[in-house]
1. Within segment 68-106, can you find the residues that are more than 20 Å from residue 57 (Cβ to Cβ), part of a loop (DSSP other than H, G, I, E, B) and touching a strand residue (DSSP E or B) at 6+ places or on another chain (Cβ under 8 Å)?
2. All but one of (1) closer than 14 Å to residue 28 by Cβ; (2) in contact with a helix residue (DSSP H, G or I) (Cβ under 9 Å, 6 or more places away or on another chain) hold for residue 70; which doesn't?
3. Looking only at segment 38-65, which residues are under 15 Å from residue 2 (Cβ atoms) and either at pLDDT below 95 or surrounded by 15 or more Cβ atoms within 10 Å (Cβ to Cβ) (or both)?
4. So residue 65 fits all but one of (1) more than 15 Å from residue 93 (Cβ to Cβ); (2) in a helix (DSSP H, G or I); what number is the exception?
């Protein structure tokens, strides 16, 4: 699987806006590509967030993102997202390939 990871900081008191932007963006993405996503908030710094997105493979991501980026609605959401960031220069974007995956939750008493 192809994995995109983003890390950034949002301005204080803008968390609700951030969540609304992410929900709206997800509704656009789901029209064009199958993926899984998770959004993580740092326990040490409330302003630091990380997004992790899993796609079938990199070509699937590349094809979909071209169509997605053409959507005016997404472009507006991106402008709103940039406005809530502490600094545009501190957005970290990385690409990964998933090698292993272990998921198991056991209820223990």
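The values are calculated or read from the model by the stated rules, or taken from the named source; none is laboratory data. Everything numeric in this text was worked out from a predicted model, so none of it was measured. Counting neighbours? That spans all protein chains shown, and the Cβs are built from the backbone with ideal geometry, glycine included.
1. Within segment 68-106, 86, 87, 91 meet the criteria.
2. So the condition that residue 70 fails would be (2).
3. 51, 52, 53, 54, 55, 60, 61, 64, 65
4. Unmet for residue 65, out of (1) more than 15 Å from residue 93 (Cβ to Cβ); (2) in a helix (DSSP H, G or I): (1).
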